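Comments concern the structure below.
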Amino acid sequence: MLEAPLGDGRVVARPGDRRLVLLDPAAAALWDLHASGMAVEALAGLVAERFGLAVAAAEAQVGSLVDGWRRAGLLDDGSEASREWRFEPGELVPRLPEPVAAPAPAGAWRLALAELSVSLEVDSTEVEGGLAPLLAPLLAPLRDGGGSEVLHRLALRGGPEGWTLEGNGDPLASGTDADGAVVATLRTLTELGCRGGER
């Protein structure tokens, strides 16, 4: 399993899959404990104690979380759900924009991504609020008198009810929920950062 810290949480992916699963800090802690061999019942006991929940309610929540990991193909434990998981090549993978050095648009975030400089405009304050803590470590200030040129310009147009992610003016992905917009943006930034030909 591929894992990397992302803000206070974690991003995980199955090798060969281009889908990313974002774990908030609590889910990341449960992920680590489950990976160390702790059973769902023991995890539920910790959750019940920490959050003052009934054990049955905590077991239902933790069980649902672990089942979701199985359905996403993140756990290969021999269960029916993990055997049924299939990766479909090309699924949810955006076509990456061709690099075009140009000034960052006014008001856009400027991100230092590996050795790349990328700008990101976000129309929706709701989506921006979801992205801000995840991208905070990548933010780079725009410099006065130059240095604001970027190699890629990403723009997240619209809001949770209907958004489109653009790369250098071309549509890359679209959807109708805030989580999907965040995931598409992070996936595109990850692809750009891993593409070695521009570095």
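A few comments on the model shown:
- Between ALA4 and GLU41, the modelled label-to-label distance comes to 3.9 nm, taking each label 7 Å out from Cα in the direction of the beta carbon.
- Ligands, DNA and RNA left out, the 1.4 Å accessible surface of the stretch 149-199 is 47% carbon and sulfur atoms.
- Average accessible surface for the stretch 4-54: 56 Å² per residue, computed with a 1.4 Å probe over protein heavy atoms with every protein chain in place.
- Accessible-area ranking of MET38, MET1, largest first, probe 1.4 Å: MET1, MET38
- Carbon plus sulfur fraction of accessible area for the stretch 19-62, probe 1.4 Å, in percent: 62
- Accessible area (Å², per residue) of the stretch 99-182, counting only protein heavy atoms and a probe of 1.4 Å: 48
The values are calculated or read from the model by the stated rules, or taken from the named source; none is laboratory data. The model shown is predicted, which means the values in this text are computed figures rather than measured ones. Cβ sites come from the backbone with ideal geometry, for glycine too, and all protein chains shown count toward neighbours. Only protein heavy atoms, including side chains, enter the accessible area calculation; ligands, DNA and RNA are left aside. Shrake-Rupley method; radii C 1.70, N 1.55, O 1.52, S 1.80 Å.
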